[in-house]
Amino acid sequence: QVQLVESGGGLVQAGGSLRLSCAGSGLTFSNYAMGWFRQAPGKDREFVATMNWSGRSTDYGDSVKGRFSISRDNDKKTAFLQMNSLTPEDTAVYYCAANYLYGGRRWTDFGFWGQGTQVTVSS
């Protein structure tokens, strides 16, 4: 079965950086668009970033544009989210997701999900 496993979360001070990884298995990774979402306590799941199968097309949520960068290594079946200039407002559980089609920003557009990794930014 399809598995997406996130790693790289943790505690970081405001202004710092983290790099999240998402390892995929059970799917032809290079055929899928990858996405990142986040959910803070009491809030809806928020779109962060997405990338098409080749990596040539990307899209970012307004709150992270210019600070976060999505990338992928199809040979390693892994997607990444580089997060820079972190603020306490970025504190959330971060989820990676896969979808056969690129272009969706809603969490309902993605069919496969990881279990999430906690990112906490202290002020």
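The values are calculated or read from the model by the stated rules, or taken from the named source; none is laboratory data. What you see is a predicted model, and the numbers here were worked out from it, not measured in a lab. Note: ideal-geometry Cβ built from the backbone for every residue, glycine included; neighbour counts use all protein chains shown. Heavy atoms of the whole protein, side chains included, go into the accessibility calculation; ligands, DNA and RNA do not. Shrake-Rupley method; radii C 1.70, N 1.55, O 1.52, S 1.80 Å.
Looking across the range 62-75 at every residue that is in a loop (DSSP other than H, G, I, E, B) and without any contact (Cβ under 8 Å) to a residue 24 or more places away in the chain, the one that is most open to solvent (accessible area, probe 1.4 Å) is identified as Asp75. Taken over the range 15-40, the criterion of being assigned to a strand (DSSP E or B) and either loosely packed, with under 13 Cβ neighbours inside 10 Å or of a type in the set (A, V, I, L, M, F, W, C) (or both) is satisfied by Leu18, Leu20, Cys22, Ala23, Ser25, Ala33, Met34, Trp36, Phe37. Just one of (1) at positive phi; (2) loosely packed, with under 14 Cβ neighbours inside 10 Å; (3) not acidic (Asp, Glu) fails for Ser54. It is (1).
Scanning the range 1-14 for residues that are open to solvent by less than 60 Å² (accessible area, probe 1.4 Å) and over 17 Å from Ser71 (Cα atoms) gives Val2, Gly10, Val12, Ala14. The lone criterion from (1) over 14 Å from the mean Cα position of the chain (by Cα); (2) more than 17 Å from Ala14 (Cα to Cα); (3) not aliphatic (A, V, I, L, M) left unmet by Gly35 is number (1).
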